[in-house]
Each structure stands twice: as structure tokens, then as C-alpha cells.
Amino acid sequence: MMKLSIIIPAYNEEKRIEKTLRDYLEYKWNYETDILVVLNGCKDNTLGVVEKIKKFYPKLRYIEFKGAIGKGGALIEGFKRVDGELISYVDADESTKPEELDRLVNLIGNNDGVIASRWVKGSVIKTRQPLTRRFASRGFNFLIRFMLGLKFKDTQTGGKIFVRDAIKDVLPKLIRSNWAIDVCILYPVVKRGYKIKEVPTVWEDVGGSKLKMRKAIPNMFWTILKLKLKK
């Protein structure tokens, strides 16, 4: 039976992660699933919440890093510890519902990966992001298309699935970016010839984002430049 590994990076998510975990753990998957939470320098009670959920769902796995390693670091550490034929990651806020991730699995077909997109025809956005976030998102997308040649309309939406070979292939050279980690994964995967499909999604903005625009924007720009210059 096919196995889907789901990685959930978490930083100070005590108020949101319980519902996400329960929904993902109680969802009726048609294949084996492995859910791994990577706690990244949490200063709140995220660990306590995850431990509480694990008592009811022993198959839930988690690892904790006392020091902050960023979302990118959390995903990279997660990639090292999962072995599903398909490897995915979603945000702890559940902006991507389990039924939507399940739908993405069924859409991967003969591709090496599938990514959810808010900006392709057919997408359903239940709750939009603030205008400033949407503006920054479009500007970032322009940069990655212009500087890196990536043709995707949306690289930042949660909900991505890759075949194991693609992730394990690029893992040793992944850059530990924070908010631009999606591009840090997609760029080398595409450069190595793996085929990634972009599909419409059902998505909603959930309050409580940790994104600080003043820090994120220059971080994303320098990450793109680093990718461009990387051999």
C-alpha cells in the first residue's frame, strides 16, 4: 500500500495546531499516512498540545528543536525523517484541509509533484489575505518567474506533494530559508528535470500568521539571489 508522509512545521502554534492535528488524524485516508510535527524553537505550549494529542493517536510523531531553525530548517529536518512514497507538507493553521491534500494526491498522476495554487483558474478562496499580503505575494511571484525562470503562478500556498525520489535527490543541497523555503525546494527539483503540476485549490486565510513583512521581503529577495548564483 502506498504511504503518504505529511510534515507539519510548527512555531508557537498552541492555539491552532490541535484542531489541525485532530482533523488530519481523524480523516479517512485510503492509504497509509505518517504525520510528523516538527517543533521549531517554540516558546509557548505547542509541545504540550502535541503531546496531549499523541496520547490519543500514538501513530503521531513529533520532534522538537529547542532553538529556532525556521520553517525551512524544520522542513529539511522533517524530510530526513520520513520515508513515504509521497512526501508532503502543510501549514499548522490548516489553511489546506485534509480533504484538499487528499485531492492533490489523486491529481499527481505521472508527475513528480503537485502544488496547490490560489492563482490558477478554478481555485476557490474562502477568505482572502489582506491586500498588502496579496500585493507582496504577486511581487514575489514576479521575481521568481523573472530571476529563476519558474513558471508557477503561486509557490507560497500550503499543500505540496512530491515523490520521495525528488525530495531525497535535492535534500543535501537545500538552502535553509525561512519564508522562501517553497522556492528553495521547487527550484532545484525543476532544475533536475522533475515534472511538477500546479493545480487549483480550495484555500482560506487563517488569522495568526507569524509572517513579518519587513523581515520576510528582504529575506525572500536575498534567497532568490542566492538560488540564482548557486552552482
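Observations on the structure shown:
- Apart from one condition, residue 71 fits all of (1) out of contact with any strand residue (DSSP E or B) (no Cβ under 7 Å at 6 or more places or on another chain); (2) modelled with pLDDT under 95; (3) basic (Lys, Arg); the exception is (1).
- Checking residue 216 against (1) modelled with pLDDT of 95 or more; (2) over 15 Å from the mean Cα position of the chain (by Cα); (3) aliphatic (A, V, I, L, M), the condition it does not meet: (1)
- Entirely in the stretch 105-211, the helices (runs of 4 or more DSSP H) that have 1 or more residues that are under 17 Å from residue 90 (Cβ atoms): 164-170, 181-191
- Residue 38 falls short on exactly one of the conditions (1) at pLDDT 95 or above; (2) touching a helix residue (DSSP H, G or I) at 6+ places or on another chain (Cβ under 7 Å); (3) not in a strand (DSSP E or B), and that condition is (3).
- Residue among 13, 18 that is of a type in the set (D, E, K, R), closer than 24 Å to residue 178 by Cα and crowded, with 19+ Cβ neighbours inside 10 Å: 13
- Taken over the stretch 49-92, residues that are in a loop (DSSP other than H, G, I, E, B) and hydrophobic (A, V, I, L, M, F, W, C) amount to 6.
- Odd one out for residue 178, checked against (1) at pLDDT 75 or above; (2) surrounded by 17 or more Cβ atoms within 10 Å (Cβ to Cβ): (1)
- Residue 87 meets each of the listed conditions (1) more than 17 Å from the chain's Cα centre (by Cα); (2) within 21 Å of residue 188 (Cβ to Cβ) apart from (1).
- Given (1) within 23 Å of residue 217 (Cβ to Cβ); (2) touching an Asp or Glu at 6+ places or on another chain (Cβ under 8 Å), index of the condition residue 175 fails: (2)
- Flag for residue 63 being in contact (Cβ under 8 Å) with a residue 60 or more places away in the chain, closer than 25 Å to residue 156 by Cβ and out of contact with any helix residue (DSSP H, G or I) (no Cβ under 6 Å at 6 or more places or on another chain): no
The values are calculated or read from the model by the stated rules, or taken from the named source; none is laboratory data. Here the structure is a predicted model, which is why all the values come from computation and not from measurement. Cβ coordinates were reconstructed from backbone atoms using ideal geometry, including for glycine residues, and neighbour counts include every protein chain displayed.
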